[in-house]
Amino acid sequence: MNFDLTEEQLAMQKAAREFAEKEIAPVAAEYDEKEEMPVDLIRRAQIQGFASVNIPEEYGGAGMDEVTLCLVTEELGRACAGIATSIGASSLASLPILLAGSEEQKKRYLRAVAEGKLAAFCLTEPNAGSDVGSISTTAIKDGDSYVINGCKCFITNGGYADFYVVFAVTDPERGARSLTPFVVEKGTPGLSPGKKEKKMGIRASNTSEVIFDQVKIPETNRLGKEGGGFRTAMETFDLSRPMIGALAVGLAQAAFELAVKHAKERVQFGKPIAAQQAVQFMLADMAMQIEAARSLVLRMAYHVGKRQQRLSHYSAMAKCFAGDVAMRVTTDAVQILGGYGYTRDYAAEKYMRDAKIMQIYEGTNQIQRLVIANGIL
Ligand SMILES: Cc1cc2nc3c(=O)[nH]c(=O)nc-3n(C[C@H](O)[C@H](O)[C@H](O)COP(=O)(O)OP(=O)(O)OC[C@H]3O[C@@H](n4cnc5c(N)ncnc54)[C@H](O)[C@@H]3O)c2cc1C
């Protein structure tokens, strides 16, 4: 086994770190407080290539692997999990196009992401969260067009996307067996963002409903064959879940660094709290968990990225383990900062709020455990 990163990977990681430290970290608290998405900053991050790391060069991407995507995402997540989520959402929405789209669709939409256009991945509905098979949004064929009706909820970038990848059933009687992805461009009549969610964390990321009311799109906006949607959605998650794991590792790393700094500076009982073994043991556990999560994420990303076989349980392990680690580590960071950790003067409370979503989106961690168990059994 070789754990060394290539020169290209190191260069991409460095570029992401520099961008994250210079551009994202300084504004993270402000946008979190305002519950506003820094749209221009996210576009600039995409133009830097951070949402297209694993997209082939002929479609505007960097043509690198899933490991590199994870290295980049960890850096973005370390600066702000909310902003990283919105950049990641364009990356996520690119995957069904990469997996099922035609040459023309790939050239048009994947290039658009690399040029800074925002994308949204629309799967979840009010009555279809973990249970993707219950999707009721319809796309009914009408000559050379489809007419889409339905409501998607909790959609990242939902209020701002330049295009939406939406999963709808083409035959309500066949239900999920007719699930099919489509691209709907912003400005299409009948497409509108609904309620914007007010969230516990990742507040610099826009999350909203997306409503489809008699939205007519050309047949050429269908991704792949009718009925291929369930498989495309699951293959998308196979590739994207390690990325969420990496985001969680970055978030945990940021909380850990803050806790170490505070433990060295805060004096109680005449010495820094870092001199207390109880605090040292917490720091040691945090460091161990982060290293374990990072190793698992990168290794799973390596295997999944080869795309030789479906490895859904590997992706699920990366997302689930790293998400749980982020929750534990950020909670411990708040504990190490004591009362200060509970105030908004320090980033610890934001890290803890941001961490919770790592156990919920892209499939809850209960669902990840089901996927892992399926893989085993
Ligand atoms: C901030 C945010 C951003 C999001 N971004 C997107 C996006 O961009 N695109 C998109 O399509 N979706 C997005 N989502 C939706 C997200 O993926 C779902 O919220 C998630 O999959 C869970 O679905 P649900 O909320 O309906 O919960 P439910 O499915 O109702 O689950 C509720 C609880 O029941 C548990 N549960 C349900 N079924 C089972 C089972 N069979 N076994 C064990 N436990 C079970 C769950 O684990 C959970 O704890 C986002 C959500 C949020 C909050």
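At-a-glance table
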| item | result |
| --- | --- |
| Region 1-148 - percent relative contact order, Cα under 8 Å, separation 6 or more | 22 |
| Calculated FRET efficiency for the pair residue 288/residue 1, C-beta based, R₀ 22 Å, to 0.05 | 0.65 |
| 0 to 90° range, to nearest 10: angle between helix 365-376 axis and the chain longest Cα axis | 80 |
| Using a Förster distance of 25 Å, the FRET efficiency for residue 127-residue 36 (Cβ separation, nearest 0.05) | 0.25 |
| Per-residue ³J(HN,Hα) for region 196-206, Karplus 6.51 cos²θ - 1.76 cosθ + 1.60, θ = phi - 60°, Hz, x for Gly and Pro | 8, 6, 9, 10, 5, x, 5, 6, 7, 10, 7 |
| C-alpha long axis of helix 312-341 to longest principal axis of the chain, angle in ° | 40 |
| Highest-MSF residue in the chain out of 286, 37, 234 [GNM, Cα springs under 10 Å] | 234 |
| Extended-chain gain in nm, criterion 0.36 nm per residue less alpha-carbon gap, residue 186 and residue 277 | 27.2 nm |
| Degrees, to the nearest 10: 277-305 long Cα axis against longest axis of the chain | 30 |
| Convex hull volume of region 120-227 per residue (C-alpha atoms, cubic angstrom) | 93 |
| Relative contact order of the chain, defined on C-alpha pairs under 8 angstrom at six or more residues apart (%) | 17 |
| Euclidean distance of C-alpha centroids, region 269-320 and region 171-245, integer Å | 31 |
| Global size of the chain as Cα Rg and Dmax, reported in angstrom | 20.7, 79 |
| Residue-by-residue Karplus 3J(HN,Hα) for region 179-192, coefficients 6.51, -1.76, 1.60, Hz, glycine and proline x | 4, 9, x, 9, 9, 10, 8, 3, x, 5, x, x, 8, 8 |
| Dipole of the chain, positive direction: furthest Cα of 272, 41, 88, with charges on the beta-carbon | 272 |
| Amide H contacts of residue 195 (H built 1.01 Å from N, under 5 Å, at least 5 apart or other chain) | 209 |
| Label-to-label distance, nm, for residues given as residue 309 and residue 260 (7 Å Cα→Cβ offset) | 3.9 |
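Values quoted throughout were computed directly from the atomic coordinates according to the rules given, and no laboratory measurement underlies them. Predicted, not measured: the structure shown is a model, and the values here were computed from it. All Cβ positions, even for glycine, are placed from backbone atoms using ideal geometry, and neighbour counts span all protein chains on display.
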